[in-house]
Each structure stands twice: as C-alpha cells, then as structure tokens.
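Reviewing the structure listed below.
The values are calculated or read from the model by the stated rules, or taken from the named source; none is laboratory data. From a predicted model like this one, the values you see are computed outputs, not experimental measurements. For neighbour counting, all protein chains shown are included, and Cβ atoms are generated from backbone atoms with ideal geometry for every residue, glycine included.
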Amino acid sequence: MKPSVCLKDELFDLVRTFNENDAEYALCGSLALAAYGFVRAGEDIDLLVPRDAVNQTIEMALLQEFEKVPARTKSNLISHKLMKGLGVDRIRLDILELPDELTDVWTTRQWLSVGNIDCCMVSREGLMHMKTVSGRNQDRVDVERLVYDDDPFKPPDTKRDVDMSSQIVAARIDLASELYALCMFLASGKFVKESNSK
C-alpha cells in the first residue's frame, strides 16, 4: 500500500505556488542532492529562504494544507517545520532561514528545469558548502557523493559527471520520492501485516 501523498507532487505544487507569487526560495537538502546526481531517500522538502520572506513562504505552504509544528534549529540554521498528513502519509517541509554566513549560497542559486516545471535550487557548489558547514556525518557522505563518481569501473577519485537535462533531473527527483514512500511504508510495519495475511 502506497502513501496517498507524494513527495515529488507536493514539491511541484509548492514550487508552482511560489513561482506564481514570485516568492524567494531555493530547494536544498536531499531533493537538490538528487537533482545533482546522488539519489537517496530524503526525509523532507528543504527550502532555503531569506529571513524577510519566511512568513510569506509559510503562509503559502499553509494554503497547500501544511500545518506548523514547533520550530527548531537544524545544525546552524533556524528551521521552520511544517507537516502535511500523518504517519505513512506524512510530508515534512523545512523552511530554513538564510543566515548571513550562507549569503554566497543564496547568490549562486540557479533555476533548473525539472520535467515541465522551473525550480530554483541552491547551486551544486552551494549545496556542498551547506553540507560541509553542517558538520553532520550524513552531510559529509553527501559531499563525497556529489564530488566523486562511485562507479566501480572508473578509477578512484574520478570527478562525477552528471546529466542535468530536464527529464533526467525529474527522474532522479521522482526516484528520491519513491524511495521516501518505500521507507515510510517499511517504517509503518504494514508490509509485515500484509505478508502475514497471505
């Protein structure tokens, strides 16, 4: 049984709303990581937003049926957390306030075509900078994956060459979304119940 909400669909709905309202945002986190060539199951949609645009961004997310949950600090970033759905049907949105020390990440953001939608993302280098600054173990691994190709048939330390065509980027984000859905399904324990009932 698949969740009724889809990470990719929720991302695209938010991006359309932000674009239509000229909102300032930049996708970062695991979905940007997927766009740049390293797909892993992400936990949420992460958006980097200037401090003066945070309230507007939250209001637009609330119109998309997200609900506020208590804010928290995510490494060195102030994160405004929103949630849509419950349990296996849950999508988390983290709106990260742009701190002064990441101004260069903001100024190098770029627009990428993802399938049939344009999405503003932190640049590949900006994403690596954010992940390096965080100091978390997972982020160190992510930086390695962004830089070096892990193809066993290539020499070690081969730099990653990534196809950034619109359809390929969309396919990688779709895969990250499917991995998220699979992880949520497995975490729910429903697969055990379904297997035992056969």
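Checking each residue in the range 103-127 for being under 22 Å from V147 (Cβ atoms), surrounded by fewer than 16 Cβ atoms within 10 Å (Cβ to Cβ) and of a type in the set (D, E, K, R) picks out D104, E125.
In the range 44-62, is there at least one residue being among the small types (G, A, S) and within 14 Å of the chain's Cα centre (by Cα)?
Scanning the range 44-62 turns up no residue that is among the small types (G, A, S) and within 14 Å of the chain's Cα centre (by Cα).
Among the residues of the range 65-87, those that are surrounded by 15 or more Cβ atoms within 10 Å (Cβ to Cβ), of a type outside the set (A, V, I, L, M) and at pLDDT 90 or above comprise F66, H80, K81, K84. Being at pLDDT 90 or above and not in a helix (DSSP H, G or I) is true of W111. Does S177 satisfy the condition of being modelled with pLDDT of 80 or more, surrounded by 14 or more Cβ atoms within 10 Å (Cβ to Cβ), out of contact with any Lys or Arg (no Cβ under 8 Å at 6 or more places or on another chain) and of a type in the set (S, T, Y)? No: the conditions fail for S177.
The sole residue among D100, D94, D151 that is farther than 23 Å from M164 by Cβ, among the charged types (D, E, K, R), modelled with pLDDT under 95 and surrounded by fewer than 17 Cβ atoms within 10 Å (Cβ to Cβ) is D100. Return a yes/no flag: does the range 49-56 have any residue that is surrounded by fewer than 16 Cβ atoms within 10 Å (Cβ to Cβ), more than 17 Å from L11 (Cβ to Cβ) and among the basic types (K, R). Checked against the condition, which is being surrounded by fewer than 16 Cβ atoms within 10 Å (Cβ to Cβ), more than 17 Å from L11 (Cβ to Cβ) and among the basic types (K, R), the range 49-56 yields at least one hit.
Screening F18, F38 for residues that are among the aromatic types (F, W, Y), at negative phi and not in a loop (DSSP other than H, G, I, E, B) leaves exactly one candidate, F18. Restricting P70, P50, P99 to those that are in contact (Cβ under 8 Å) with a residue 40 or more places away in the chain and farther than 23 Å from L175 by Cβ reduces the list to P50.
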